[in-house]
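Have a look at the structure below before the remarks.
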Amino acid sequence: MDISKIEPGGTEGVNVFINCIKGTKDFYEYDNKTETFILKKVLEVPFPGGYGFIPKTHHIDARPLDVLVLTSNQIEQGIVVPAKPIGVIRLKGNVPDDVLIAVPISDKSFDQINNITQIENLEQLKNFLEIFKESKVEYVFDVEHAKKSIETAINLYKRGV
């Protein structure tokens, strides 16, 4: 799949390319050159939602902005999910490692969720990310910060940073 044709979306809704399926312990990265998924590691704990990235974005590490999409169902690998951002979890490091937290726009069970403070399993998400990223959570940011992160990531990509 040529992901260069997928637009990132905007601050109210982003397009998330799913690498890892909810419930799996397998962490895959998408390789643009071969257009395949490569197994990078097997985790100790399963993904609590679909995990992927927003195409045509760059985080400050020059990689696409990572996203954990909270879902009620499994969403298959390679699917693009239109999602509503609700917050950001930042992990410590030499370069901050931000993971955007989002909910699928098409899943009515998440209609009332508009901010990360509204989710019940925030501690579980933080624990998962600490294990997955092998780092400690530094901050949890609200939806307004998430929107700014998306704008910044789109602009960094456009500038080639």
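The values are calculated or read from the model by the stated rules, or taken from the named source; none is laboratory data. What you are looking at is a predicted structure, and each value in this text was computed from that prediction instead of being measured. Please note: Cβ atoms are built from the backbone with ideal geometry, for glycine as well, and neighbour counts cover all protein chains shown.
Would you check which residues across the range 2-53 are farther than 20 Å from Val103 by Cα, touching a residue at least 60 places away in the same chain (Cβ under 8 Å) and exposed (fewer than 13 other Cβ atoms within 10 Å of the Cβ) and list them?
If the condition is that a residue be farther than 20 Å from Val103 by Cα, touching a residue at least 60 places away in the same chain (Cβ under 8 Å) and exposed (fewer than 13 other Cβ atoms within 10 Å of the Cβ), then Glu44, Val45 are the ones that fit.
How many of the residues making up the range 83-107 are out of contact with any strand residue (DSSP E or B) (no Cβ under 6 Å at 6 or more places or on another chain) and either in a strand (DSSP E or B) or of a type in the set (Ser, Thr, Tyr) (or both)?
At the first step, the residues of the range 83-107 found to be out of contact with any strand residue (DSSP E or B) (no Cβ under 6 Å at 6 or more places or on another chain) are 93-95, 106-107.
Retained after the next criterion (residues that are either in a strand (DSSP E or B) or of a type in the set (Ser, Thr, Tyr) (or both)): 106.
Looking only at that region, the number is 1.
Here's a check for you: in the range 54-73, which residue that is surrounded by 17 or more Cβ atoms within 10 Å (Cβ to Cβ) and assigned to a loop (DSSP other than H, G, I, E, B) is modelled with the lowest pLDDT? Can you show your working first?
Quick first cut of the range 54-73, residues surrounded by 17 or more Cβ atoms within 10 Å (Cβ to Cβ) only: 54-59, 64-71.
Now narrow it down to the ones that are assigned to a loop (DSSP other than H, G, I, E, B): 55-59, 64, 70-71.
Details: Pro55: 97, Lys56: 96, Thr57: 97, His58: 94, His59: 90, Pro64: 95, Leu70: 97, Thr71: 94.
Looking at residues that are surrounded by 17 or more Cβ atoms within 10 Å (Cβ to Cβ) and assigned to a loop (DSSP other than H, G, I, E, B), I get His59.
Looking for whichever is closer than 25 Å to Asp2 by Cβ and surrounded by 21 or more Cβ atoms within 10 Å (Cβ to Cβ) here; the options are Pro104, Pro82. Which one fits?
Working: Pro82 fails: surrounded by 21 or more Cβ atoms within 10 Å (Cβ to Cβ).
The unique qualifying residue is Pro104.
Which of the residues that make up the range 110-126 are free of Cβ contacts under 8 Å to residues at least 60 places away in the same chain and surrounded by 14 or more Cβ atoms within 10 Å (Cβ to Cβ)? Outline the logic, then answer.
As a first pass, look at the range 110-126 and keep what is free of Cβ contacts under 8 Å to residues at least 60 places away in the same chain: 110-120, 122-123, 126.
Of everything in the range 110-126, those that are free of Cβ contacts under 8 Å to residues at least 60 places away in the same chain and surrounded by 14 or more Cβ atoms within 10 Å (Cβ to Cβ) turn out to be Phe110, Ile113, Asn114, Asn115, Ile116, Gln118, Ile119, Leu122, Lys126.
Among Glu76, Glu130, which is surrounded by fewer than 14 Cβ atoms within 10 Å (Cβ to Cβ), in contact with a strand residue (DSSP E or B) (Cβ under 9 Å, 6 or more places away or on another chain), touching a residue at least 12 places away in the same chain (Cβ under 8 Å) and outside any strand (DSSP E or B)?
On the way: Glu130 fails: surrounded by fewer than 14 Cβ atoms within 10 Å (Cβ to Cβ).
Result of the check over Glu76, Glu130: Glu76.
Which pairs do you get when a residue that is surrounded by 14 or more Cβ atoms within 10 Å (Cβ to Cβ), found in the range 133-157, comes within reach of a residue that is of a type in the set (A, V, I, L, M, F, W, C) and part of a loop (DSSP other than H, G, I, E, B), reach meaning Cβ atoms under 8 angstrom, with the pair 6+ apart or on two chains?
Filtered contacts from the range 133-157: Leu156/Ile60; Leu156/Ala62.
Going through Ile105, Ile86 one at a time, which residue ends up being modelled with pLDDT of 95 or more, among the β-branched types (Val, Ile, Thr) and under 25 Å from Ser135 (Cβ atoms)? Steps first, please.
Values: Ile105 fails: under 25 Å from Ser135 (Cβ atoms).
So the residue among Ile105, Ile86 that is modelled with pLDDT of 95 or more, among the β-branched types (Val, Ile, Thr) and under 25 Å from Ser135 (Cβ atoms) is Ile86.
Tell me yes or no: at least one residue of the range 45-53 is out of contact with any Ser or Thr (no Cβ under 7 Å at 6 or more places or on another chain), at pLDDT 95 or above, part of a strand (DSSP E or B) and among the small types (Gly, Ala, Ser). First the steps, then the outcome.
As a first pass, look at the range 45-53 and keep what is out of contact with any Ser or Thr (no Cβ under 7 Å at 6 or more places or on another chain): 45, 48, 51-53.
With at pLDDT 95 or above added as a condition, the list becomes 45, 48, 51-53.
In the following step, the residues that additionally are part of a strand (DSSP E or B) were identified as 51-53.
Right, trim to among the small types (Gly, Ala, Ser) and you get 52.
Yes - at least one qualifying residue is present in the range 45-53.
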